[in-house]
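A quick write-up on the structure given underneath.
Values in this text are rule-based calculations from the coordinates and carry no lab data. All values reported here derive from a predicted model rather than from experimental measurement. With ideal geometry, Cβ positions are generated from the backbone for all residues, glycine too; neighbour counts draw on all protein chains shown.
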Amino acid sequence: MIDNLLAGNAKFVSNEFAPNAAYYHALAAHQRPKVLWIGCSDSRVSEHQMTDSKPGTMFVHRNVANIVAFNDVNISAILEYGVVHLKIEDIIVCGHTRCGGIAAIEDGVHENYIADWLCIATGAKEAADRIALERGLDREQKLAVLTEENVKLQIKHLRNLALIKNLLAKGSVPRIHGWLYRVETGTVDVLIDGRGETPRSGSPAKALKAVKAVVGHGAKKPAAKKTRKH
Ligand SMILES: [Zn+2]
């Protein structure tokens, strides 16, 4: 398999990189992605391939079941760098059909770390339980509902992160979108359409100043007390 990957890289260099050398050389100097992708780690869900995008289009975070956790330093650092420094304009949270993480949320899982991680989607499971009961859904239908409810819940988590709330208060927050990728057809369903939201304004420096003003890091240091020399 590893030989296949290395052979694939040689093909990429000759078929894609070399014919588009100017694009890739500019990209080597600076990345300027306008989209932050939060998706599942599933091997079938490749954000650049499904959107027919070139490298450099998206800043990417992927984890089991596309979860946004408030206590996850990893996603927080990615968000801070993406939103404040890269000045990301759009954030996409993308779930997908046939998600093993979603099935594990539905069926319950007892493995240590996976169970702890999927606990963060408990609210989506409760919502799906209610809807399944009201509508008399079978397992497949319920998994579809749970997948969508999970995307909605993770967007709620995202909007509740201090970084996003503080930027929102300053009127400079990226548009947020909820998508569903269908592994059976390769198509995307738009669950939450953020395209109608106001595009963010201001420069990256202004956004950083806004965050610093809120969290207090930008405050002037108090003048040091003068001490008399003896
Ligand atoms: Zn998945």
Signed unit charges on C-beta, dipole axis of the chain, positive-most listed residue GLY196, ILE114, THR185: GLY196
Among 144-150, 191-197, what's the highest-first ranking by average C-beta atoms within 10 angstrom per residue? 144-150, 191-197
With the dipole of the chain worked out from charges on the C-beta (+1 for Lys and Arg, -1 for Asp and Glu) around the Cα centre, which of PHE17, THR57, HIS85 lies farthest toward the positive end? HIS85
Within a Cβ distance under 11 Å of LEU118, other residues only, what is the Lys/Arg minus Asp/Glu net charge? -3
Going fewest to most other Cβ atoms within 10 Å around each Cβ, ASP72, ASP107 line up as ASP107, ASP72
With 5 Å bins from zero, work out the P(r) of the chain over every alpha carbon pair and list the percent per bin. 1, 6, 11, 15, 15, 14, 12, 9, 6, 4, 2, 1, 1, 1, 0, 0, 0
Of all DSSP beta bridges in the chain, antiparallel share, percent nearest 5: 20 percent
Just the Cα atoms of the range 2-112, one point each, no solvent: what log10 I(q)/I(0) does Debye give at q = 0.20 Å⁻¹? -1.16
Read phi for every residue in the range 40-48 and hand back ³J(HN,Hα) as whole Hz from Karplus 6.51 cos²θ - 1.76 cosθ + 1.60, θ = phi - 60°, with x for Gly and Pro. 7, 6, 3, 5, 8, 10, 9, 4, 6
To the nearest 20 Debye, how big is the dipole of the chain about its Cα centre, given +1 on the beta carbon of each Lys and Arg and -1 on that of each Asp and Glu? 2240 debye
Using a 10 Å cut-off on Cβ atoms, rank the peptides 94-105, 35-46, 74-85 from the highest mean neighbour count down. 94-105, 35-46, 74-85
Quote the charge dipole size of the range 1-113 about the Cα centre in Debye, to the nearest 20; the model charges only the Cβ of Lys and Arg (+1) and of Asp and Glu (-1). 420 debye
Using θ = phi - 60° and the Karplus form 6.51 cos²θ - 1.76 cosθ + 1.60, what ³J(HN,Hα) does each residue of the range 93-104 get, whole Hz, x for Gly and Pro? 9, 10, x, 8, 6, 6, 7, x, x, 5, 4, 5
Just from its helices, what would the mean residue ellipticity at 222 nm be for the chain, if runs of 4 or more DSSP H residues each count -39500 (n - 2.57) and the sum is divided by every residue, rounded to the nearest 500 deg cm²/dmol? -13500 deg cm²/dmol
Take the alpha-carbon centre of the range 38-70, take the same for the range 146-177, and report the distance between them in whole Å. 17 Å
